[in-house]
């Protein structure tokens, strides 16, 4: 793919040796769980930054309840008020419909950046439904952040069983960005029970900026 001006403007800072976490999703709307997962990965993997990749739409979800991309981007920026969290719409600028295409492009476009894919444990259960999910695992290390109601055993899911032989001891999590994929780590931490579907149903507003400041202090060194 040939990147146009829009894509170049959308690509957050990257470069030689930087360790960057990729947290993708619809963010419809963004909530505390998204930010907590980003901050946990930022600290535990010793990342330089986490990119919150706001998708134009999830192929596995009904788009009729999907808020406009600009609206979700603005909400994510307000919630992710942290200098090392970058909100981006790379997927829309690239015209990629699937994560595997996005990750392959980033690996090609930023070969000297050490990427890690971040997902909540709840998403691991459906990871096998993602297009060419095994190829994603072969392209980039994966960090799974614990979520309420999700099994603590990665092998309890189809994708987890595939990743089990490549699972890294949590005490060695800082090595994940340097490891050849497939490789994965399961990060345990304080759980957040917020979910986008529940917020849409209740029409709850996003947490205030003071929430994020307190969460950052408690999570990131």
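The values are calculated or read from the model by the stated rules, or taken from the named source; none is laboratory data. Nothing here was measured: the structure is a model prediction, and the numbers come from that model. Here Cβ is always computed from backbone atoms with ideal geometry, including for glycine, and neighbour counts include all displayed protein chains.
Things to note:
- Any hit, the range 67-81, residues being crowded, with 20+ Cβ neighbours inside 10 Å and not in a helix (DSSP H, G or I): yes
- Given (1) at negative phi; (2) buried (at least 20 other Cβ atoms within 10 Å of the Cβ); (3) in a loop (DSSP other than H, G, I, E, B), index of the condition residue 27 fails: (1)
- Selection status of residue 64, farther than 23 Å from residue 189 by Cα and modelled with pLDDT of 95 or more: no
- Looking only at the range 41-60, and only at residues there that are within 14 Å of the chain's Cα centre (by Cα) and assigned to a loop (DSSP other than H, G, I, E, B), the one that is surrounded by the fewest Cβ atoms within 10 Å (Cβ to Cβ): 58
A quick yes/no check of all residues on (1) over 23 Å from residue 15 (Cα atoms); (2) outside any helix (DSSP H, G or I):
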site: 92; (1), (2): no, no
site: 96; (1), (2): no, yes
site: 100; (1), (2): no, no
site: 105; (1), (2): no, no
site: 108; (1), (2): no, no
site: 118; (1), (2): no, yes
site: 122; (1), (2): yes, no
site: 131; (1), (2): yes, yes
site: 134; (1), (2): yes, no
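- Of note, residue 63 satisfies the criterion of being surrounded by fewer than 20 Cβ atoms within 10 Å (Cβ to Cβ) and more than 16 Å from residue 118 (Cβ to Cβ).
- Checked across the range 111-125, the condition of being more than 26 Å from residue 16 (Cα to Cα), in contact with a helix residue (DSSP H, G or I) (Cβ under 7 Å, 6 or more places away or on another chain), in contact (Cβ under 8 Å) with a residue 12 or more places away in the chain and crowded, with 18+ Cβ neighbours inside 10 Å holds for at least one residue.
- Residue match in the range 73-96 (condition: within 14 Å of residue 143 (Cβ to Cβ) and at pLDDT 95 or above): no
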